[in-house]
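Student: A single structure is presented below for examination.
The values are calculated or read from the model by the stated rules, or taken from the named source; none is laboratory data. Values in this document were obtained by computation on a predicted structure and should not be read as measured data. Neighbour counts run over all protein chains shown; Cβ positions are idealised from the backbone, glycine included.
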Amino acid sequence: GNSVTQMEGPVTLSEEAFLTINCTYTATGYPSLFWYVQYPGEGLQLLLKATKADDKGSNKGFEATYRKETTSFHLEKGSVQVSDSAVYFCALRQGAQKLVFGQGTRLTINP
Amino acid sequence: DVKVTQSSRYLVKRTGEKVFLECVQDMDHENMFWYRQDPGLGLRLIYFSYDVKMKEKGDIPEGYSVSREKKERFSLILESASTNQTSMYLCASNPGTGVNSPLHFGNGTRLTVT
């Protein structure tokens, strides 16, 4: 079946550092890929998405490129801020409306 | 803005109790979902509904049931709570059209079963 694997956390960085959170997936066909973010005490919210190979999703300085050849959708940001501290979830959707989530990566940014 | 409201932020129940978790959305969305979130396991789908009175099992439906009598409300029921159902429960909704429309989540209910 479909599955998503994220790099294990927690990840701790200093402010202005470069961020990469790895995400790889297993799916037949061509799923849509998503990154969701969960800030402390809140539900998840969509950060960015890509619906076909080589698409790049971007939002709030974060980017991720849909790489079909490596079945990956890594999240990157050039310069993180304390306010980026959150849990990040990679997810895929194929066919019907069900999303499949990765296990989440907790990110802490220190000033 | 879409609002998904879960009735309780924290809940403590005893083993064997029947537990109701309520979720209401205000954007006339067709689809509603219940997930549980556990450390290291991410989000796992319990049940979902595409329309009033319709329900489908997700990946981990055992020990749970759901009710959708009105379009805006989706209830999760733990028939007889057990300690392994201690978790964060998240409700979500999205429109029926548009396969890539994002899910809108509530803030979650942290349930502890003692």
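Student: Would you be able to tell me the number of residues in the stretch A:61-103 that are in a loop (DSSP other than H, G, I, E, B), modelled with pLDDT of 95 or more and either within 13 Å of chain B (Cβ to nearest Cβ) or under 12 Å from the mean Cα position of the chain (by Cα) (or both)?
Tutor: The qualifying residues number 3.
Student: Tell me the residue from A:Ser58, A:Ser79 that is among the polar types (S, T, N, Q), free of Cβ contacts under 8 Å to residues at least 12 places away in the same chain, over 26 Å from B:Arg110 (Cα atoms) and surrounded by fewer than 20 Cβ atoms within 10 Å (Cβ to Cβ), please.
Tutor: On inspection, the qualifying residue turns out to be A:Ser58.
Student: A:Ala50: surrounded by 13 or more Cβ atoms within 10 Å (Cβ to Cβ) and within 27 Å of B:Thr109 (Cβ to Cβ), yes or no? Don't jump to the end; show me each part of the working.
Tutor: On the way: surrounded by 13 or more Cβ atoms within 10 Å (Cβ to Cβ): yes; within 27 Å of B:Thr109 (Cβ to Cβ): no.
No.
Student: Applying the selection to the stretch B:60-114, what residues are surrounded by 14 or more Cβ atoms within 10 Å (Cβ to Cβ) and among the charged types (D, E, K, R)?
Tutor: Within the stretch B:60-114, B:Arg68, B:Lys71, B:Glu72, B:Arg73, B:Arg110 meet the criteria.
Student: Now, a different point. So B:Leu41 fits all but one of (1) at the interface with another protein chain (Cβ under 9 Å from one of its Cβ atoms); (2) over 15 Å from A:Gly43 (Cα atoms); (3) surrounded by 18 or more Cβ atoms within 10 Å (Cβ to Cβ); (4) among the hydrophobic types (A, V, I, L, M, F, W, C); what number is the exception?
Tutor: Here B:Leu41 meets the rest and fails (3).
Student: Shifting gears a bit: Which condition number does A:Gly43 fail, the rest of (1) facing another protein chain (nearest Cβ under 10 Å); (2) at pLDDT 95 or above being met?
Tutor: Going through the list (1) facing another protein chain (nearest Cβ under 10 Å); (2) at pLDDT 95 or above, A:Gly43 breaks only (2).
Student: Could you list, in sequence order, all residues of the stretch A:6-38 that are farther than 12 Å from A:Tyr66 by Cβ and at the interface with another protein chain (Cβ under 10 Å from one of its Cβ atoms)?
Tutor: Correct list: A:Gln6, A:Glu8, A:Gly9, A:Tyr36, A:Gln38.
Student: For the stretch B:56-114, which positions are within 14 Å of another protein chain (Cβ to nearest Cβ) and polar (S, T, N, Q)?
Tutor: B:Ser87, B:Ser93, B:Asn94, B:Thr97, B:Asn100, B:Ser101, B:Asn107, B:Thr109
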